[in-house]
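Chemist: Structure incoming, see below.
Every number in this text was worked out from the coordinates using simple rules, so none of it is lab data. Just so we're clear, the structure is a prediction, and the values are computed from it rather than from any experiment. Every residue, glycine among them, receives a Cβ derived from its backbone with ideal geometry; neighbour counts consider all protein chains shown.
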Amino acid sequence: MSELLKMLGCRYPIIQGPIGMFNSPKMIASVSEAGAYGMLALGFINNLDEVKKLVDEIRALTDKPFGANIMLINPNNAEILKVLAEAGVSTVTTSVGSPKEVYPVIHGLGMKGIHVVLALPHALAAVKAGADALVVVGSEAGGLRSRNPESSTMVLVPLVADNVKVPIVAAGGIADSRGYRAALALGAQGVQVGTRFLASAESPASEHWKKTIVECGDGGTDLIPALNMRVAQRIIVTPWIKQKMSDPAVKNIADELEINPDKTGNYERAAFGGGQVSALIKDIKAIKEIIREMVS
Ligand SMILES: Cc1cc2nc3c(=O)[nH]c(=O)nc-3n(C[C@H](O)[C@H](O)[C@H](O)COP(=O)(O)O)c2cc1C
């Protein structure tokens, strides 16, 4: 058994990529029940009662292991980690921020931590800070990116594998068995999958969001500014966004977008997150099916 699988305690070395804007206990439990590692996304949650409630809801649906992602810009991580440790969560991922201070806390609670990195210098710094493993995210991935030029999964995973001794999880561009096997060949012990699970039957993403992923073609995503221009995020470029992006009068596309389309119903202006791998996703499938195909 690989070091990563020992750390996760599940059957397949597949981590559900956390999706910061929502948590669905049903989806997380479905991933864990199918033998992979379901993940709570706690980056934007500060309320400890909410964390406890989510953990209890998942526990009511599965006795299989699941984890949680914390973002290191969240000031309440020490308390959140304590709640997770008490609930029996043994491995978390840490992203968006410096790992220096959090790893002694994670280890002090008897947990393991996997830090999410976008470049080789981040990977070396994370190992130095005590990370037990790394999620290495290539530039084609969905989610937040830095504003630096970054390498794709195909380059970054072997580059990091050549330079660290801890287990590596590859992320970015993995949606099927080809991507899964390629990641293992590149030196990863497992994969983290975001967009493919977002477009699953159990995902709480709106039907509009799922349809936009399925309809996205080659070259159909782009990076736009996020979090007050400090970082970038990868979105699927709809015809409306494309037109706005080429309009010289629009200074920052992020200002034009509808942040909460599910509430306002203004889906035309919505920016749906998704990786370049959206171009490979042609249908909405049950999580069990996605995982079964991936490891086949
Ligand atoms: C809409 C969206 C939100 C995300 N939110 C988070 C998050 O809160 N924390 C995190 O570590 N990664 C986040 N990610 C990154 C994913 O967990 C995962 O690493 C990434 O999607 C992998 O690339 P893929 O989309 O090509 O599979 C997000 C990705 C997307 C598409």
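Chemist: Write down the Å³ per residue value for the convex hull defined by the alpha carbon atoms of segment 207-279.
Modeler: Per residue, the Cα convex hull of segment 207-279 comes to 85 Å³.
Chemist: Provide, as a two-decimal number, the C-alpha radius of gyration of segment 122-252 over 2.2 N^0.38 Å, N being how many residues it has.
Modeler: Numbers: Rg = 16.4 Å, N = 131, 2.2 N^0.38 = 14.0 Å.
After normalising by residue count via 2.2 N^0.38 Å, the value is 1.17.
Chemist: Can you list residues from other chains, or at least 5 along the same chain, whose modelled amide H is less than 5 Å from the amide H of residue 41?
Modeler: 19, 69
Chemist: Another one. Roughly how many nanometres apart are two label points built 7 Å out from the Cα toward the Cβ at residue 184 and residue 223?
Modeler: About 3.1 nm, to one decimal.
Chemist: In the chain, once you exclude exposed trypsin sites (Lys or Arg not before Pro) (DSSP loop, at most 14 other Cβ within 10 angstrom), what's the longest stretch remaining? Before the final figure, lay out each step's value.
Modeler: Working: sites that count: 100, 147, 165, 230, 251, 282.
Result, exposed sites excluded: 1-99.
Chemist: Using modelled amide H (1.01 Å from N, peptide plane; none on Pro or chain starts), what sits under 5 Å from the amide H of residue 285, excluding residues fewer than 5 places away?
Modeler: Sorted by chain and number, the residues that satisfy this are 201.
Chemist: Less than 17 Å apart at the alpha-carbon level, and either on another chain or at least 8 residues along: which lysines does that give for residue 165?
Modeler: Excluding near neighbours in sequence, the set is 6, 112, 128.
Chemist: Cut-off under 19 Å on the C-alpha distance; same-chain residues fewer than 8 positions from residue 288 excluded. Which aspartates and glutamates are left, in chain and number order?
Modeler: Result set, ordered by chain and number: 33, 63, 176, 202.
Chemist: Follow-up question, since we're still on this one. I want to check the label-to-label distance for residue 176 and residue 59. Put each point 7 Å from Cα in the C-beta direction and report it in nm to one decimal.
Modeler: 4.0
Chemist: Quick check on segment 256-296: what does the Kirkwood estimate of hydrodynamic radius come out to from the alpha carbon pairs, in Å? It would help to have the intermediate numbers written out before the result.
Modeler: On the way: mean 1/r = 0.0786 Å⁻¹.
Here the Kirkwood hydrodynamic radius works out to 12.7 Å.
Chemist: Sticking with this one: In debye, nearest 20: dipole of segment 207-279 around its Cα centre with unit charges on the Cβ of K, R (+) and D, E (-)?
Modeler: That gives segment 207-279 a dipole magnitude of about 160 debye.
Chemist: For segment 1-156, take N as its residue count and report Rg(C-alpha) divided by 2.2 N^0.38 Å.
Modeler: Compactness ratio reported: 0.98.
Chemist: Let me ask something else. Using alpha carbons only, what's the Rg to Rh ratio of the chain with Rh from Kirkwood?
Modeler: Expressed as Rg/Rh, it is 0.94.
Chemist: If you don't mind, there's one more thing I want to ask. Counting only helical runs of four or more DSSP H residues, what would the 222 nm mean residue ellipticity of the chain come to if each run contributes -39,500 (n - 2.57) and the total is spread over all its residues?
Modeler: -9500 deg cm²/dmol
Chemist: Take the Cα of residue 47, step 7 Å along the line toward its Cβ, and report every residue of segment 78-98 whose backbone nitrogen sits under 17 Å from that point.
Modeler: Correct set: 80.
Chemist: Turning to a different aspect of this structure: If you stretched the chain out fully between residue 214 and residue 286, how much longer would it get, using 0.36 nm times the residue separation minus the C-alpha to C-alpha distance?
Modeler: Details: separation 72, 0.36 × 72 = 25.92 nm, distance 1.45 nm.
Result: 24.5 nm gained on full extension.
Chemist: With +1 on each Lys and Arg Cβ and -1 on each Asp and Glu Cβ, and nothing else charged, work out how big the dipole of the chain is about its Cα centre, in Debye to the nearest 20. Write down the numbers at each step before the final one.
Modeler: Values: 30 positive and 29 negative charges, 84 e Å.
Rounded to the nearest 20 debye, it is 400 debye.
Chemist: Right, another one. Please identify the longest segment of the chain free of exposed GluC sites (Glu not before Pro), where exposed means a DSSP state other than H, G, I, E or B and no more than 14 other Cβ atoms within 10 Å.
Modeler: With a cap of 14 other Cβ atoms within 10 Å, the longest stretch comes to 102-267.
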